[in-house]
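The values are calculated or read from the model by the stated rules, or taken from the named source; none is laboratory data. As the structure is a computational prediction, the values presented were derived from the model and not from experiment. Backbone-built Cβ (ideal geometry, glycine too); neighbour counts: all protein chains shown. SASA here: full protein model, heavy atoms, side chains in, ligands and nucleic acids out. Shrake-Rupley method; radii C 1.70, N 1.55, O 1.52, S 1.80 Å.
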Amino acid sequence: MGLTSANSGGSEGMQLCIFDLRRGQQEGQELDKILFFFPADLPFSNQLSVIGLSEGLITFTRIFSPEAACEVIEAERHSHVFYEAEPDIWMVMVVEKSKEAEAIWRVGALRAVLKEIHSLFMMFHGSVREMLEKEPSGGQIRAHLYPFVMDYLSACQNRSPLDYCCWDFLVGKKIQLPSFRDCLKECGTVQMLTVGREAAIEVQSLARVLESGAGATTPCYSLILFQDLLVSTTLSPDDTINLFAYAVQRLTPRALSSGVSSWSYLRRGNTPDLVAGLTFATVSVSEQLHHLHAPSPSQDNSNHVKRPLQHNRWSKEKDGFLVTDIWGREMGSLIPATPTIWLRQTGERMYLCAYQYKSLTLILLVPLSSILNGEQGVSLVKKQVLENASLKTLKVEEKLSKGWGGENAYHVSGYRYLLIDDDRNVSRASPPVKVTTLAKESLLAMSKLREEVDLEKSRAKWDSADHDKDLEICIRAKNNAWVVARTTRGKELYMVLEKADETLLYASDAIERFSNRVPLLASSRAVALGGLPIRVIVNEILSRQIPSIAIM
Amino acid sequence: MSSSDSSSSSSVDDPNPNPKPLDNQFESLNLEQESESTIIQNDDGEGQQDQESSLNGSLNVNRNNHEQDDRIDGGHVTSVLWRRTNSEVEVDGPSSPSSSGYAGERGSSGASEDDEIHEVANHGVIDGVFDSQAAWLPGKRHVDEDDASISWRKRKKHFFILSHSGKPIYSRYGDEHKLAGFSATLQAIISFVENGYMDELGDRIKLVRAGKHQVVFLVKGPIYLVCISCTEEPYESLRGQLELIYGQMILILTKAVNRCFEKNPKFDMTPLLGGTDVVFSSLIHSFSWNPATFLHAYTCLPLAYGTRQAAGAILQDVADSGVLFAILMCKHKVVSLVGAQKASLHPDDMLLLSNFIMSSESFRTSESFSPICLPRYNPVAFLYAYVHYLDVDTYLMLLTTSSDAFYHLKDCRIRIETVLLKSNVLSEVQRSMLDGGMHVEDLPGDLLPRSGSASHLGQHQQPTDSPGRFREPFVGIGGPAGLWHFIYRSIYLDQYVSSEFSAPINSPRQQKRLYRAYQKLYASMHDKGNGPHKTQFRRDENYVLLCWVTPDFELYTAFDPLADKGLAIKTCNRVCQWVKDVENEIFLLGASPFSW
């Protein structure tokens, strides 16, 4: 197994560890706590130091705050971001701060990365605790976590301007984490395509055909994407977010094509002269260390570990279905095994079938339990999909392409914005190419403002009485840009206006105009269909999504 | 004779003494300290030959050979002890002047400290307290608690001072001695991060966040300060409060305490601060009502221009005769202030000094002469403060570098008091206390011509002399356009003016909430990385807050949450105009500009 990706990641500036507080409580067994550590070549004493400090502060803060232990440590040179992924399973990311290197972080954005890593891991492998219970030595979980997180961190570099999600962390030698420059993005949310009512109806009927075509007795689920944008889902919100993130990474046409270039880049990046050989672990060293961590008794786990985040392992077949050999091959055949995932909400295990036609990606999830004869049954489902849905797919693709405004479809001139619907985890933002035109000062001010709003939100969460805090903050920064945050009933709007007039009233007007004219967030509708409750999210052009707070 | 004497006498000519000679004195201490520790005449009879008793030893030396001893910094540290271990002596007698700034005097044995502190608390001294918060009692409470008590863990805001070896020095709640274990934990966290758990460079922990709680750390040489709070105050504010607590400690001891830690890392500082709980608790209390604690500016008692001029003139007279600073204050508000040539006083130093004086009961009962250190002025040297209350709220402070200036300052005070009485300044001060400051209800209309001198701060109501007048709640609903309150800070003057609270900000709780909102706004505007911002509009369920920062002034205003943006902006402009119209009355003008 080649942990090639490990090499392209620099250890400098970032550490990430996952540990279990229930393990290694006896002296001399502390190493047992560590389930994952990046960089793996950091001496164990240092790894234990980081985990020891984290553990110490978790215990310490519980003295005063039993309901919520340590979330972040800010030191002069580092930030430690905590996330309790599962009870007593902690993920801690340590990032170095540096003004020159633009390493200015928003804690909330970093925590969202940890959350996404864990959610995706759950989707493919189930919970960490479960795996530990199955195999208490910890070898199995380590063997799974290591390649998984490494693959995540080394996600492809080439991103289209359409990729709103903060995903690519490895650029060159450095891990690119969401910094202040990403303040107008929101990880862990879904970006949606705005469609007209007519197209929405077509999409709905396509989803219906897909799910019924599977012919299963238990409910199937579907996810439809156009380019990198979600068009429809029948999954629960959590599962939608996870699968959407995965699709945008590995399945959409852009992900498939960019994978190629990123692969070649990484290959080149692995040559010793490009990677500062002294500071980074070589493959063998990191693997050795990794195996020290995971003394797997008889079986070599790593051979059986699936790496769903590995690059360039998906390709499009002639019939339009996407295939990968990540899940191995059928016994005695060359047919790749169909991928499976766990649904968060129902705990069901599902086959994942992805079909692509031009810009349209359809993902169908079929319960394992409903298909008795394995791969044979899956290919039957695929055949049915082709028969029943091809025509509809064609039509929908055509319709959506026609209405598609291109990469800058959601650009609103004069505004740089991010809109988040917390209730449904949907966000929309100015295209990244437009955001890059903003001055550094404006972005820093916005990042800071978001941090402030994050704090207000988390406080409101603990006060729980007024969960939805109405808040409006307009700041005129030193560089004369207006930096605006507005939260209303679970919706958040962040905006930077650089060329606005200097009066507050003008800025307020600009915000009002934006709220009035921009097709904002999607609305969700529950549609009951053939006895099956299917939740379809359809985008509509809404005239006024963010209600202005009453002004006299 | 001694170098100190020469430096203090030279200070008559040079009002801004060079700290260097004092520094040199510190050097000399280390050489002499050991020999001193052999001359132990311990007051408390415990006779421990540790650092502490050596200081006590030199303390006795100090008492016996007062004049010679001044040149060593032990003299400075010990003189603190000295005035603490001595009971108050009326200073009118011919003996050498005594001073005592402490209510809870207890010597260094500390056997019955808790009782004494309770006693102080029970006196119910109410000073330095916002009128509306008169219920607050100074002094330490909940001494019976420790980190095992649920009640202790649930306190909203803890403050700790500890030494770098983990010895507790001060805790807002609970008995320091019982908190030794907890204190060691805090020390362990700080030093673990400091000692390079990540790399050889080491790091410095600033903040830990957990749910609603924040743990804020501040390291000042061998002194560690920690705040644990769930009050929603921003990190920057809490850190600023720790800085002030440290400053308060320095004001009492000077930075010379660092030397004690250099000599003996396990040095126990608690006896040095014995009886000062009231000082810290009153400072901590001010963190929830006194805007000076985050604005880093001071405020003046509103007075007619001529009245303040008269007070300033006599203070200036005195300053010319070798007084470094002459300050006349009424509660936490400045009546007048004069610094000797070139000497300038930082607003934080004024805050700490007035807190020290107002929180210590004994300053009220007798004229006092006390060594104090102004941390922003010179953190390594003691000055000497002559303090005398002219009436129940008004007190005069005369600061000098000379330790034997007591009689001279006493003469000065008598002169000043005579002039102030003659020119009715004191009665004007009392009158102003009753009249209060600016009321938002009195905000002049848009185009009305204003006459600043016609009435007190433009009050349109018939002025009444009834003392009860300003205690009764206004039936009003604040000022025009939903204006509830404002703070105006003049950057050039280092002064601020805050409007009086009026409906609906009536209860202490509402006032505290508004105070915290301002604090948050201030931190948001003065972001270290890319601030200060220019304007901020903030609307939540409680207020509309508008902030405006220019090179000349900062304006913080609070409106009804339903206030109209446009009208609010107009109102802000009117407030600025109003402040300019009455600036002669509300600010001390012509004071030496501050040099930082």
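Here each label is just a point 7 Å from Cα along the line to Cβ, and for B:ASN195 and A:SER315 those points are 5.6 nm apart.
Per-residue shielding of A:55-65, expressed as the average number of other chain Cβ atoms within 10 Å of the residue Cβ, stands at 6.
Just to confirm a number: summing +1 for Lys and Arg and -1 for Asp and Glu over residues other than A:ALA481 whose beta-carbon lies under 13 angstrom from that of A:ALA481, what do you get? My count for the surroundings of A:ALA481 gives +3. In a DSSP loop and with at most 16 other Cβ atoms within 10 Å, the GluC sites (Glu not before Pro) in the stretch A:39-133 are A:GLU67, A:GLU76, A:GLU100, A:GLU102.
Taking chymotrypsin sites (Phe, Trp or Tyr not before Pro) across the stretch B:335-372, none is in a DSSP loop with at most 11 further Cβ atoms lying within 10 angstrom of its Cβ.
Put a dot 7 Å past the Cα of A:ASP454, heading toward its Cβ, do the same for A:ARG129, and the two dots end up 2.6 nm apart.
For B:SER507 and B:LYS154, what is the calculated FRET efficiency with R₀ set at 22 Å and r taken between the beta-carbons, to the nearest 0.05? Efficiency, rounded to the nearest 0.05: 0.45.
Packing, as the average of other Cβ atoms within 10 Å across residues, places the peptides B:329-339, A:348-358 in the order B:329-339, A:348-358, highest first. Interface of A with B. Using a 1.4 Å probe and counting protein heavy atoms only, the two chains hide about 5000 Å² of accessible surface, both sides summed. Computed from the C-beta positions of A:ARG77 and B:GLU541 and an R0 of 45 Å, the FRET efficiency is 0.75 to the nearest 0.05.
Averaged over peptide B:499-508, the number of partner chain Cβ atoms lying within 10 Å of each residue's Cβ comes to 0. Distance between the pseudo-spin-label points of A:ASN516 and A:SER205 (7 Å out from Cα toward the beta carbon): 3.8 nm. Accessible surface of B:HIS142, taken over heavy atoms with a 1.4 Å probe and every protein chain present, rounds to 60 Å². For the peptides B:183-189, B:270-276, the ranking by mean Cβ contacts within 10 Å, running from highest to lowest, is B:270-276, B:183-189. When the pairs B:LYS342/B:LYS580; B:LYS154/B:LYS212; B:LYS140/B:LYS220; A:LYS469/B:LYS212; A:LYS99/B:LYS528 are compared against a 18 Å limit on Cα-Cα distance, B:LYS342/B:LYS580; B:LYS140/B:LYS220 fall above it. Packing around the peptides A:223-236, B:555-568, taken as the average count of other Cβ atoms within 10 Å per residue, puts them in this order, highest first: A:223-236, B:555-568. The mean number of partner chain beta-carbon atoms within 10 angstrom of a residue's beta-carbon across peptide A:448-459 is 3.
The listed residues B:VAL544, A:VAL209 rank as A:VAL209, B:VAL544 when sorted by accessible area, largest first, using a 1.4 Å probe. For A:MET123, the shell of other residues with beta-carbons less than 13 Å away shows a net charge of +1, using +1 for Lys and Arg and -1 for Asp and Glu.
Within the shell defined by Cβ-Cβ distances under 12 Å, the residues around A:LEU362 carry a net charge of +1, with Lys and Arg each +1 and Asp and Glu each -1.
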